[in-house]
Amino acid sequence: SLRSGRSESVGLLVLDVTNPFFAEVARGVEDEAATSGLAVVLLNSAETHERQRRNVRLLAEQRAAGAVVMPVDDDLSDLLWLSRRGTSWVALDRGDVSEDVGCSVSVDNHEGGQAAGRHLIGLGHERVTFLTGPFAIEQVRRRHQGLRAAFEEAGLDPDAAVRVVEQPLLNPEQGERAVDEVLAGGPKQRPRAVFCANDQLALGLMKGLGRRGLRVPEDISVVGYDNLDFADLVHPGLTTVAQPKYELGREAMRLLHAELNDPDHLHERVLFTPELVVRGSTAAHR
Ligand code: RIB
C-alpha cells in the first residue's frame with residue numbers, strides 16, 4: 001500500500017516533451033502505473049534546470065506518491081531533495097546514479113556510441129563529426145566516449161578522427177541551424193560522416209544538408225540515435241542506434257512500484273543494451 005497521506009499519482013519529469021523519444025517512454029510508464037491504478041502526471045523540464053527544480057517542488061507540494069525523473073544534467077540535487085522529503089523516485093536514462101541514493105534505469109550509451117563508430121569505420125570513414133547537445137547531459141557524453149573508443153579499437157587516433165560540434169539543444173531546429181558549423185572548412189574539409197547524438201538533431205541536419213544541395217549518403221553519411229518512428233519514414237531511412245524506449249519507461253515504473261510498496265526495497269540499477277539499425281543514410285566513404 002502507498003505511504004499514508006500520499007496521493008494516487010506519480011510524477012513523470014521528462015527532459016523535453018517535444019521529443020518523441022519521451023512519448024514512448026511515457027507510454028511504458030503509464031502502462032505499468034495502470035496496473036496499480038496510479039495516475040501519471042507529466043511535467044516537462046524543457047532542458048532547463050530551473051524548470052526541473054520548479055517541477056520537483058510542485059510534485060512534493062501535490063504530495064505525489066513518487067516520481068520517475070529524467071534529470072536534465074549531472075546535478076542530482078533535486079532528486080536528493082525529494083529523498084529528504086520522503087518522496088520515492090527512480091532516475092530514468094541515467095547510468096551514473098549510485099544504488100546508495102536511488103534506483104536507475106538506463107541504456108548503455110557507451111555501447112551505442114561505439115556501435116555507431118564501428119559501423120562508420122567499417123564503411124571506411126576515418127573521420128567523423130559528432131553533432132551533439134550539451135555535454136552536461138550524461139547520455140550524450142557517453143555516446144561520444146563510445147565513438148572515440150571505436151576509433152581507438154581500430155588503431156586510429158580519436159583526437160584526430162572525431163570532431164565535436166556542440167549545440168545548446170537536442171531538437172531538429174538546432175540540427176538544421178548547426179549545418180554551417182558542421183560543414184565549416186570548405187568542400188575539401190567537409191565531413192563525409194556525421195554521428196548525431198539523437199535522431200532529432202539528425203532530422204534537422206538532413207534538412208539543412210538538403211538545402212545546401214548535399215546528398216545523404218552520397219556526399220555525407222548520417223547516423224542518428226534513438227530510432228524514432230520517423231527514422232524509417234524519411235528517405236533515405238536513417239541509420240540509427242535503437243533504444244528500448246517503451247521498456248525503459250515500463251521498467252522505471254516497475255522499480256518505482258517496488259519502492260512504493262516496500263520501504264526497505266534495495267535500490268536497483270538496470271542497464272539495457274542498444275542496437276544499431278542500418279538503413280540508407282550511411283554509405284562507404286568515397
Ligand atoms: O534526452 C536527450 C536524449 O537522451 C534523447 O533524445 C534520447 O536519446 C535520450 O537518451
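Here Val90 fulfils each of the conditions (1) out of contact with any Asp or Glu (no Cβ under 9 Å at 6 or more places or on another chain); (2) away from the ligand (no atom under 15 Å from the Cβ); (3) part of a strand (DSSP E or B) apart from (1).
For segment 13-22, a residue qualifies if it is at pLDDT 95 or above and either away from the ligand (no atom under 11 Å from the Cβ) or part of a loop (DSSP other than H, G, I, E, B) (or both), and exactly one does: Leu13.
Do we find a residue being within 13 Å of the ligand (Cβ to nearest atom), touching a residue at least 12 places away in the same chain (Cβ under 8 Å), assigned to a helix (DSSP H, G or I) and buried (at least 21 other Cβ atoms within 10 Å of the Cβ) anywhere in segment 255-277? Within segment 255-277, none of the residues are within 13 Å of the ligand (Cβ to nearest atom), touching a residue at least 12 places away in the same chain (Cβ under 8 Å), assigned to a helix (DSSP H, G or I) and buried (at least 21 other Cβ atoms within 10 Å of the Cβ). When segment 67-77 is filtered for residues that are crowded, with 24+ Cβ neighbours inside 10 Å and more than 16 Å from the ligand (Cβ to nearest atom), only Ala67 remains.
Under the condition of being more than 16 Å from the ligand (Cβ to nearest atom), hydrophobic (A, V, I, L, M, F, W, C), over 14 Å from Gly210 (Cβ atoms) and in contact (Cβ under 8 Å) with a residue 24 or more places away in the chain, the residues counted in segment 170-200 number 1.
Selection of segment 232-263 for residues being within 25 Å of Gly117 (Cβ to Cβ) and under 15 Å from the mean Cα position of the chain (by Cα) yields Thr240, Val241, Ala242, Gln243, Pro244, Lys245, Glu247, Leu248.
Considering segment 226-251, the residues that are in contact with a helix residue (DSSP H, G or I) (Cβ under 6 Å, 6 or more places away or on another chain) and in a helix (DSSP H, G or I) include one that is surrounded by the most Cβ atoms within 10 Å (Cβ to Cβ), namely Gly249.
Yes/no matrix, rows are residues, columns are (1) assigned by TED's automatic domain parsing to the domain that holds Ala252; (2) modelled with pLDDT of 95 or more; (3) surrounded by fewer than 22 Cβ atoms within 10 Å (Cβ to Cβ); (4) in a loop (DSSP other than H, G, I, E, B):
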{"position": "Leu120", "(1), (2), (3), (4)": "no, yes, no, no"}
{"position": "Thr129", "(1), (2), (3), (4)": "no, yes, no, no"}
{"position": "Ala136", "(1), (2), (3), (4)": "no, no, yes, yes"}
{"position": "Gly146", "(1), (2), (3), (4)": "no, yes, no, no"}
{"position": "Leu156", "(1), (2), (3), (4)": "no, yes, yes, yes"}
{"position": "Ala160", "(1), (2), (3), (4)": "no, yes, yes, no"}
{"position": "Val164", "(1), (2), (3), (4)": "no, yes, yes, no"}
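Name the residue, out of Ser88, Ser98, that is among the hydroxyl-bearing types (Ser, Thr, Tyr) and crowded, with 19+ Cβ neighbours inside 10 Å. Result of the check over Ser88, Ser98: Ser88.
Taking the conditions (1) touching a strand residue (DSSP E or B) at 6+ places or on another chain (Cβ under 9 Å); (2) closer than 16 Å to Arg118 by Cβ in turn, Ala154 satisfies each one other than (1). In summary, Ala33 fulfils each of the numbered conditions (1) within 16 Å of the ligand (Cβ to nearest atom); (2) part of a helix (DSSP H, G or I); (3) among the hydrophobic types (A, V, I, L, M, F, W, C) with the single exception of condition (1).
The values are calculated or read from the model by the stated rules, or taken from the named source; none is laboratory data. Since we're looking at a predicted model, the values are computed, not measured. Quick reminder, even Gly has a Cβ in these numbers, built from the backbone with ideal geometry, and neighbours come from all protein chains shown.
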